[in-house]
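The values are calculated or read from the model by the stated rules, or taken from the named source; none is laboratory data. All values reported here derive from a predicted model rather than from experimental measurement. As a convention, Cβ positions derive from the backbone with ideal geometry for all residues, glycine included, and neighbour counts pool all protein chains shown. These area figures cover heavy atoms from the full protein model, side chains too; ligands, DNA and RNA do not enter into them. Shrake-Rupley method; radii C 1.70, N 1.55, O 1.52, S 1.80 Å.
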Amino acid sequence: KSKDFMQWTRVDHPLYSSNASNMWECPDFFAVLPGKNNGLDLSAAIPNGAKHVLKMSLDSCDKYMIGVYDLKHDMFVPDTVLDDRRLWLRIDYGNYYASKSFFDSKKGRRIIWGWTNETDSTSDDVAKGWAGIHAIPRTIWLDGDGKRLLQWPIEEVESLRRNEVSHQGLELKKGDLFEIKGTDTLQADVEIDFELTSIDAADPFDPSWLLDTEKHCREADASVHGGLGPFGLVVLASDNMDEHTTVHFRVYKSEQKYMVLLCSDLRRSSLRPGLYTPAYGGFFEYDLEKEKKISLRTLIDRSAVESFGGGGRACIMARVYPAAVVDGATHMYAFNNGSSTVKVSQLKAWSMTRAQVNVRKG
């Protein structure tokens, strides 16, 4: 503890401890209000009803717990304690690590920054002269039910949008592929609302999939037909589809709820050898009977494909290095490989211009 940030004393107990894991890196601790997307300033009084989030980096990803902070005993008490850390909630289900949040006092929001490393070779990094980037900064807040964090790209990103392309009322039947034209496919921002015509067609959910979502995304990939899904986006695709990355949903029916799987499959993203090309995936609960639509937003910046599913309930940051990017000729599609027809009630895509970064030198 410290009162002046100069003199420090060790407390006699940890804020929280767990035997389910070993080393934690890059911890973060902040307060949130359920259903309120405005952030909380930790230097001010925390309002009644607020929760606290304890975030940690381990297992090559960023995980978190939601609970309450016991000020009297100076301890964090999670709402739920899961012994198997594979089931802990994740900030991002892809290539995202060492995140840190801060309170933006000007706009009253909490912003989180995360790091994403390269997954090409060391020699490629030497040739580039750099390695590793920050993901797009995200506004982060707590869902209304208090069970999960929601994230969305900060609004300033939208100032980079150019040349809007818009489509409404599309119908995607099984096997349909709709090309999104008129957009710079190497630097793009795409928002799609998928409307489900028959939620009864959802396949049954197996809870064991939660233990290894990447394995499930590999087995139930974009070419494997399901009841509801896979449907979503194909990005950075070459002319003959030898190279492409898919970001897609599958919908499953559990006992009393629907579970939505968001996958980002990189296994066919590049013909170049020696790359790390996994199939990332994460599940989230969704009230389909109320919502009817599932949103997908994907930001593409050459080697970066950053996706937000279900209004930011699941996020996946991915790095891809297709040879087609070098040629400057890639394609982007909305698709459906599920048995049930999926409607695209709204599709908007923008080319993204280069950001102006202010650097103070000296």
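In this Cβ point-charge picture (+1 for Lys and Arg, -1 for Asp and Glu), the chain has a dipole of about 920 debye about its Cα centre. For a straight C-alpha distance cut-off of 19 angstrom, the aspartates and glutamates reachable from LYS181 (same-chain residues fewer than eight places away being disregarded) are GLU164, GLU171, ASP189, GLU191, ASP193, ASP239, GLU243, ASP301, ASP327. Projecting the Cα atoms of LEU186, THR9, SER270 onto the dipole axis of the chain, where Lys and Arg carry +1 and Asp and Glu carry -1 at the beta carbon, places THR9 farthest toward the positive end. Dipole magnitude for the stretch 132-229: computed about the Cα centre from +1 point charges on Lys and Arg Cβ and -1 point charges on Asp and Glu Cβ, it is near 180 debye.
Judged by a Cβ-Cβ distance under 4.7 Å, the unpaired cysteines of the chain are CYS26, CYS61, CYS315. Our helix-only sum for the chain, with -39,500 (n - 2.57) per DSSP H run of n ≥ 4 divided by its residues, gives a mean residue ellipticity at 222 nm of -1500 deg cm²/dmol. The largest-to-smallest principal axis extents of the Cα set in the stretch 161-352 are 48, 38, 27 Å.
Restricting the count to DSSP beta bridges whose residues both fall in the stretch 25-149, what percent are antiparallel, rounded to a multiple of 5?
95 percent
Cross-link reach is defined here as a Cα-Cα straight distance under 19 Å, omitting same-chain residues fewer than 8 places apart; for LYS107 the aspartates and glutamates meeting it are ASP41, GLU155, GLU156, GLU158. Report the relative contact order of the stretch 161-352, percent, no decimals, based on alpha-carbon pairs under 8 angstrom and at least 6 residues apart. Result for the stretch 161-352 is 41 percent.
For the stretch 25-149, the dipole from Cβ point charges (+1 on Lys and Arg, -1 on Asp and Glu) about the Cα centre works out to 580 debye, to the nearest 20. Counting only heavy atoms of the protein chains and using a 1.4 Å probe, LYS348 has close to 60 Å² of accessible surface.
Rolling a 1.4 angstrom probe over the stretch 161-352 with all protein chains present gives an accessible area of which 44% lies on carbon and sulfur atoms. Cross-link pairs exceeding 24 Å between alpha carbons, from the set LYS63/LYS215; LYS3/LYS72; LYS100/LYS215; LYS63/LYS128: LYS100/LYS215; LYS63/LYS128. Since only TRP130, ASN95, LEU54 are under comparison, the one whose Cα sits farthest along the positive direction of the charge dipole of the stretch 25-149, derived from C-beta charges on Lys, Arg, Asp and Glu, is LEU54.
Using the Kirkwood radius over Cα pairs, work out the Stokes-Einstein diffusion coefficient for the stretch 25-84 at 37 °C and 0.692 mPa s, in µm²/s as a whole number. For the chosen part, D equals 260 µm²/s. What residues have an amide H closer than 5 Å to that of SER270, excluding those fewer than 5 places away on the same chain, when H is modeled at 1.01 Å from N in the peptide plane? Here the answer is HIS244, since their amide H atoms fall under 5 Å of that of SER270.
Computing FRET efficiency as 1/(1 + (r/R0)^6) for ASP12 and GLU291, where r is the C-beta to C-beta distance and R0 is 35 Å, gives about 0.15.
In the stretch 161-352, taking the dipole from charged Cβ atoms about the Cα centre, the farthest positive-side position among TYR258, ALA329, ALA220 is held by ALA329. The share of Cα pairs per 5 Å bin across the stretch 75-202, counted from zero up to the longest distance, runs 2, 7, 11, 13, 15, 16, 16, 11, 7, 2, 0 percent.
Extending 7 Å from the Cα toward the beta-carbon at both GLU214 and ARG272 defines two label points whose distance is 2.0 nm. Given their separation in residues at 0.36 nm each and the Cα-Cα distance between them, ASN117 and VAL157 gain 12.3 nm when the chain is fully extended.
Could you check how much of the accessible area of the stretch 25-149 is carbon and sulfur, as a whole percent, using a 1.4 Å probe? Using a 1.4 Å probe with all protein chains present, the stretch 25-149 comes out at 55 percent carbon and sulfur. Across the chain, Cα pairs under 8 Å and at least six residues apart give a relative contact order of 20 percent. According to the Kirkwood relation over distinct C-alpha pairs, the hydrodynamic radius of the stretch 25-149 is 15.8 Å. For ASP124, the solvent-accessible surface computed with a 1.4 Å probe is close to 40 Å², ligands and nucleic acids excluded. Across the chain, counting alpha-carbon atoms alone, Rg and Dmax equal 21.0, 65 Å.
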